[in-house]
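The values are calculated or read from the model by the stated rules, or taken from the named source; none is laboratory data. In this text, all values refer to a predicted model and were calculated from it rather than measured experimentally. So basically every Cβ, Gly included, is an ideal-geometry build from the backbone, and we count neighbours across all protein chains shown.
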Amino acid sequence: MMRRVVPVVLSAVLLVLLLLAAAVADENVCPKCGAPLEPGAAFCTRCGTKIEGGPARPAAPREDIRRSVVQVVAAHDQELTSTLGAIEFGSAVKIDSILGSVFAVAPGEFVTDSGVLTGSRNVTLRTADGRSVPARIVGIDPMIGIGLLSADLLDVPVVKLRAGGLPRLGEGLTAIGFPSQRRAGQTLTTTAGIVSGLHRAELGVHPIEDYIQTDASLPDGFAGGPVVDAEDRVVGMSTAWVFGEIVVLGPGPGIGISVPVGWMQRSLDWIRAGRPPRAWIGAYTLPANPENRALYGLPENVRRVIEQVFPGTPAAEAGLKTGDGIVSLQGEEVSSLTGLHDRLLRTKVGERLDLVITRRGRTMPMQITPVARPDRARFTSLDTLRFYGGLELAPQGDKALVVRRVLPGSAAAEAKVAVGDELQSVLSKKDLEHANRDNARWRQARTSEDLDRLMEMAYSDFDFFVGLKFKSRGGARHDLYLSAILGPSSAL
Amino acid sequence: MRSGPSSSDAGRRERAVRHAARRVLRTGALFLALAAGLSSAAPLPGDADSPAQDAHSPGTPQRPRTCPRCGYLCDPAWHFCVRCGWDMQSLIGKAAGDRLDALMRAVVRVVVVKTAPKLQQILSPKDYKSVRHYVTWNPGHRKAFASAVPFLEPGLFVTTARTLAWSDSVQVVTSNNMEYAATVLGVDLASGIGVVKADVPGIEPIAPAGDAAGAVWAICFPVVFENDLVRYLPVSLHGGKVTGTRESGTYMASLENLLRSNHTIPDGCLGGALIDSRGALAGMILGSPDAGITFAVPARDLASIVGSLARKEPLQRPYFGMGLVTEDDRRRARFGLNDAPAHPLVGFLAPSSPAAAADMRPGDFLVAVGGDDVATVAAAGTRLLSATPGGPPVVLTLLRAGHQVQTSITPTVRPARILLDPADELQEALEANLIEVSTGPTSRQGLKVANVVRGGRGEDDEFKDGDLIVSVNGKGVRRLETFNQIVRSENPHIFGNAASDGDTFDMYRLSLEVRAQGETKDVRGYFSRFPGILAPPVY
C-alpha cells in the first residue's frame, strides 16, 4: 500500500511545486520578452516594456508640440527677374511662392526662417486643420536668419523654449514641419535625428552662424520649423539657404542645421525692439589660412584677416587695410567671425571700440567708432571686380581701362583675361532685364566714370550681374561674366 | 555669397547636377582604387562564431551606472532603466558624454594628395593611340578627403584602402585642426583596409567591440562639395542602427563580411568610426551606396589585417578561385534555377585556379565548407579564408542539379591580382549573359546579350535582351573562347607574361559592335574595370 501511495504523493507534491514555480515565474518575468524582472521594477530592463502594476513614473500630461507648428505660404506678388536665370535660360524667371514652417513663440506671434519671408509681401498661415489666416511680417533679421510674423491665430499653443539653451552632443532631437513637395504629402511631419555637432559656422547660409548640426535630412518646407528635445522643448529653428524659389536645407545628405534658441531669442528681442541700428565698421574679413598667413605675414595667433574695406566707413577712416590681421576687439581675443559679430551686436552705434591689429609683423592698437549698419553695403566698382572676378583694372589715360593684375585661379584667369587686355564694353543687369542674352545691349566703358555708372546698373536687390568684354593687344577677345547672389553681408 | 541658377527648374537641375557630380566623384574614387593593387593577402581573422572579444574598458570591472534621466543606480547589464524606462544604450549622460568627447577627439581627418597616372601608363599603346583625342583624363595632383580611426596601437590610423590608393602625400588633421604628416604603412584592396602612421600625441586607439547590434554612431569629418568650393565640417556625430551583419555583394571590397547600418553619411565620412553604445569600435566605414545605407568593416575583422599591414608582413590568404555570388535574374535564367536554396552560388571561376582545376562548375551552390553549412557569401568566405594555403585540402559540398556533390580542393596562396576570363568579366560587368549564336544566317551570328538584370549595369548602358555583339575590336566573334583570345592577345600589358603584378591601374578597352534587334549596328566602347575596381567576390 505504502509503496503505491508514496510515488503518487511525491508526484502530487512535485506537481504542486511546479505549478507554484510557474505561478511565481509568471509574476516575475516581462510579459513581452520573458526576461526576469527586477524586484519592484516599473520597466523591463531588457526591452523597456512598462510593467503593469509597477510604480508609475509621474508624467505630466503634455500639450502636443505639433499643434504649435503651422505652415507658411510666402507669396511673391511681383515678378522677380533674375539675371542668373536669364543667363541659364535666356529669359527672366517668375518666382511664385515659398512654403515654409512657423511656430508660435507668443500668442499670435510666429517665428520662421528669414529666407522664407525675404522679398514677399503677402504671407498666409495654414494650420494643420485647414484654416488659412493672413499674417503680417513684424520684422526680419537677415543677419541671424529669423523672421517674426503676427497673425490672428490665438488658439495655436505657444512652444516652450529650453532654458538651458544648447542641447548636448548626441542628444536626440526632433524636427517638425510641413514638407513642401506635393508628393511628400504637405502634411505636418516630424523627423528625428541626433546632435552631430555644435557651433557650426561659415557655411554661407546667414552672416551670423552658430548652428546646431543634426543628422536629420530635412525635407523641403521644414525651413522655419522648430527642433525640439525629448521633452518637447524647442532648442532651435531649422534654417535653410534660400534664394528665390530654391530652398536648400542643410549643406549635404545627413546634415541638418538649425539656429539655436539663444540666438533666436536675441534676434526676436531686436525685432520686437523695432530693429534699432546695429553697429558696423565696414570691413569684410576672412579666416586666416596658410595662404593668406604667408601672403600678409600674419602671426599664428591671428585668426581673422581683413579682406576688403568699404569706402567711407569707420574702418576706412581708421585706416584699416586689406591684409590686416585682427588680434582683439575691445580687449576680447578674436577667434571666429561669430565672435566678432557677437561683440559688435553688444556694441552701441557711436560707442568707441578698441581694436588691435597686426600689419607686417607690427601690432597696432587703434580706435574705431561704429556707425549704423546699412541694409546693403557695396564695394567700389573696382573692388567689386577684384572681389568677384579677381582682376584689377587701371585707367590708361582717358581712353581705356586696362587690366593691371589677374589673380591666379580667379574667374578672370579662367576666362583667359590677361594683363594688358583692354576693357571694351559692359553688359549690366539692368540692360539684360526684359531682354535676352543675344539681343541685350552692351555699353562702351572707356573710363572709370563709365565703369562706375554701368556697375551701378549691375546690382538689383537680390543679385549682381555684369558681363565684360576684353580685347588683348593681339586682338583676341575674351568675355568675362560675373554674378553673385547678394545675401546680407557678413561684413563687420 | 553664393551663385547659382535661380528658378525651381534650375534648382532641380542643380541638384541633379550635384547628384551626378557625386556619382562622378564616386566613380572617380573607384578609378583611383586601382593604384595600390591587390598586393597582399591574409585570412580574414576570427571565425564569426569565435567568442566575441569583450573589448570595452579592457581590464576594468564594470561599475554600476546611474540613469542619465532619473539618477537611479543601474546594473551595467540593463538595457533600460528599471525605474524610468530610459534607454541606457543611448549615448547621453555625464560619463557617456565624456567618453564621447574623447572619441570625437580621437577620429581624424585624412587629406590625401594623389597623382593619377597618365593615360598611356594604363592603356595598351594601340588603345592609347586610338582614344587619346577624345578621352578626357586629367592626370596629376588631386586631393581626396576621408576620415580615419585610431586603432590597435597609438599612432596607427585605419581608413579605406581606396582613399590611400595612389597617394603622394598623406596628412591627418585632428579635431582641433592640428595637422600631422602621415606615412602609408599598407593598403589591402581585397578587404578595403588601409593603414597610416602619424605621430599624433594624446590620441588613444579605440578598442574594438564584440558583435555589434542595435544603436551605433558614426563619427567622421563631412565634406560638402558646392560648385567648385569644398566646405569642411568639423567632426560630426551621426546616429543610426545596425541593419545587417555579414553583408556582401557591395563591390566595395573583394572579401566582404560587412556590417550594415542605416546611416546617411555625407562625403568625407569614408574611413570614419562606427561606435557602439559603450564607446567601443563597431567598425570602420567602408562606403555608402545611397542615403540610409552604410557599410563598414567590422572591428573584429580589422585587428589581424591592420596588425599585418602595420608590421608590413605579407598577407598570406588561401585562394580557391571561385566567384561567390547571390543568385540574380540572369543567373537564375542561365543556370535554370527554379528554387533558390539558402546557399551562395558559384557564379564564375577564375582561370588557372584550383577551383577551375577541380570538379567545380559555375551554377553549383556551395552548401558546406569542411562539413560546416554555409548560408551566405560572407559566411562561406570566412570559412574558406580560414584554410591554410598549400595546407590540407578543404572538402566542399556542392549542390548541382539537385544532387549533392563533394570535391576537395587544396588552396594556393591568393595572388596579388586575380584576372577573370575577359568574357566572364564582361558578363559580370554588364550583369547580363552572353550566349553563343553560331547557327542561322551569318548576319544573325555572334554573342547574344540575354537576361539583362533589371536595374543592373548593363541596363544602365542600354544593353537589351536580344542585342547581338557581332565583333570585338573589328574582329568577328561567335564564340566566347574567340572573344577571350582576341582580348588576351591584344592586351599583353595585362594578360602577357611580363604583365605587372597588379600594383598599377591597368585597363583595357574594347569596341563592341552591337546589333540591336531590327536596328542598325552601333559600336560601343567598353573599358574593362576588373579586377581592381569592381572587386569581384573571388575567394
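Within the range B:371-386, being part of a loop (DSSP other than H, G, I, E, B) and small (Gly, Ala, Ser) holds for B:Gly371, B:Ala375, B:Ser386. Once the range A:163-213 is narrowed to residues that are at the interface with chain B (Cβ under 10 Å from one of its Cβ atoms) and in contact with a Lys or Arg (Cβ under 7 Å, 6 or more places away or on another chain), the residue that is farthest from A:Asp232 (Cα to Cα) is A:Gly204. Residues that are surrounded by 14 or more Cβ atoms within 10 Å (Cβ to Cβ), facing chain B (nearest Cβ under 10 Å) and in a loop (DSSP other than H, G, I, E, B) within the range A:28-44 comprise A:Ala35, A:Leu37, A:Glu38, A:Ala41, A:Ala42, A:Cys44, listed in sequence order. When the criteria are applied in full, A:Val111 fails the requirement of being part of a helix (DSSP H, G or I) and under 30 Å from B:Leu237 (Cα atoms). Of everything listed in (1) farther than 30 Å from A:Gly164 by Cα; (2) out of contact with any helix residue (DSSP H, G or I) (no Cβ under 6 Å at 6 or more places or on another chain), the single unmet condition for A:Glu333 is (1). Applying the set (1) in contact (Cβ under 8 Å) with a residue 24 or more places away in the chain; (2) surrounded by 19 or more Cβ atoms within 10 Å (Cβ to Cβ) to B:Leu345 leaves exactly one unmet item: (1).
Every test in (1) part of a loop (DSSP other than H, G, I, E, B); (2) out of contact with any strand residue (DSSP E or B) (no Cβ under 7 Å at 6 or more places or on another chain); (3) not aromatic (Phe, Trp, Tyr) is passed by A:Leu166 save one, and that test is (2). Quick one: would you say B:Pro389 is within 30 Å of B:Val514 (Cβ to Cβ), assigned to a loop (DSSP other than H, G, I, E, B), touching a strand residue (DSSP E or B) at 6+ places or on another chain (Cβ under 9 Å) and modelled with pLDDT of 90 or more? Considered against the rule, which asks whether it is within 30 Å of B:Val514 (Cβ to Cβ), assigned to a loop (DSSP other than H, G, I, E, B), touching a strand residue (DSSP E or B) at 6+ places or on another chain (Cβ under 9 Å) and modelled with pLDDT of 90 or more, B:Pro389 comes out as no.
If you go through the range A:104-162 and keep only what is basic (Lys, Arg) and under 16 Å from A:Val234 (Cβ atoms), you end up with A:Lys160, A:Arg162.
For the range B:274-292, filtering for residues that are within 14 Å of chain A (Cβ to nearest Cβ) and over 12 Å from the mean Cα position of the chain (by Cα) leaves 9.
Are any of the residues in the range B:325-332 at pLDDT 90 or above and not hydrophobic (A, V, I, L, M, F, W, C)? No, the range B:325-332 has no match at all. Is it the case that some residue within the range A:265-282 is within 21 Å of A:Glu332 (Cα to Cα) and of a type in the set (A, V, I, L, M)? Checking the range A:265-282: at least one residue is within 21 Å of A:Glu332 (Cα to Cα) and of a type in the set (A, V, I, L, M).
Can you find a residue that is of a type in the set (Lys, Arg), modelled with pLDDT of 85 or more, surrounded by fewer than 22 Cβ atoms within 10 Å (Cβ to Cβ) and more than 28 Å from B:Ser308 (Cβ to Cβ) anywhere in the range B:230-241? Reasoning before the result, please.
Of all residues in the range B:230-241, those of a type in the set (Lys, Arg) come to B:231, B:241.
After this cut, where a residue has to be modelled with pLDDT of 85 or more as well, the list is B:241.
If we keep only those that are surrounded by fewer than 22 Cβ atoms within 10 Å (Cβ to Cβ) too, we end up with B:241.
Then keep just the ones that are more than 28 Å from B:Ser308 (Cβ to Cβ); that gives B:241.
So far as the range B:230-241 goes, yes, one or more of its residues are of a type in the set (Lys, Arg), modelled with pLDDT of 85 or more, surrounded by fewer than 22 Cβ atoms within 10 Å (Cβ to Cβ) and more than 28 Å from B:Ser308 (Cβ to Cβ).
Given the conditions (1) under 23 Å from B:His263 (Cα atoms); (2) outside any strand (DSSP E or B); (3) not aromatic (Phe, Trp, Tyr), which single one is not true for B:Asn176? Looking at each condition in turn, B:Asn176 falls short on (1).
Just one of the listed residues (B:Gly210, B:Gly202, B:Gly155, B:Gly186) is over 30 Å from A:Ala216 (Cβ atoms) and out of contact with any strand residue (DSSP E or B) (no Cβ under 7 Å at 6 or more places or on another chain), and it is B:Gly202. The lone criterion from (1) modelled with pLDDT of 90 or more; (2) more than 30 Å from A:Gln330 (Cβ to Cβ); (3) touching a Ser or Thr at 6+ places or on another chain (Cβ under 8 Å) left unmet by A:Val234 is number (3).
May I ask you to list the residues in the range B:242-268 that are within 11 Å of chain A (Cβ to nearest Cβ), out of contact with any Pro (no Cβ under 6 Å at 6 or more places or on another chain) and surrounded by 24 or more Cβ atoms within 10 Å (Cβ to Cβ)? Hits for the range B:242-268 are B:His263, B:Ile265.
Residues of the range A:171-204 that are assigned to a loop (DSSP other than H, G, I, E, B) and crowded, with 24+ Cβ neighbours inside 10 Å: A:Phe178 alone. Being assigned to a loop (DSSP other than H, G, I, E, B) and buried (at least 16 other Cβ atoms within 10 Å of the Cβ) holds for only one residue in A:Thr384, A:Thr347, and it is A:Thr347.
Taken over the range B:187-227, the criterion of being more than 20 Å from B:Ala106 (Cβ to Cβ), of a type in the set (Gly, Ala, Ser) and buried (at least 24 other Cβ atoms within 10 Å of the Cβ) is satisfied by B:Ala190, B:Ser191, B:Gly192. If the requirement is being more than 30 Å from B:Gly466 (Cβ to Cβ), modelled with pLDDT of 90 or more, in a helix (DSSP H, G or I) and of a type outside the set (D, E, K, R), which of these qualifies: B:Ala368, B:Ala355? Going through B:Ala368, B:Ala355 in turn, the sole match is B:Ala355.
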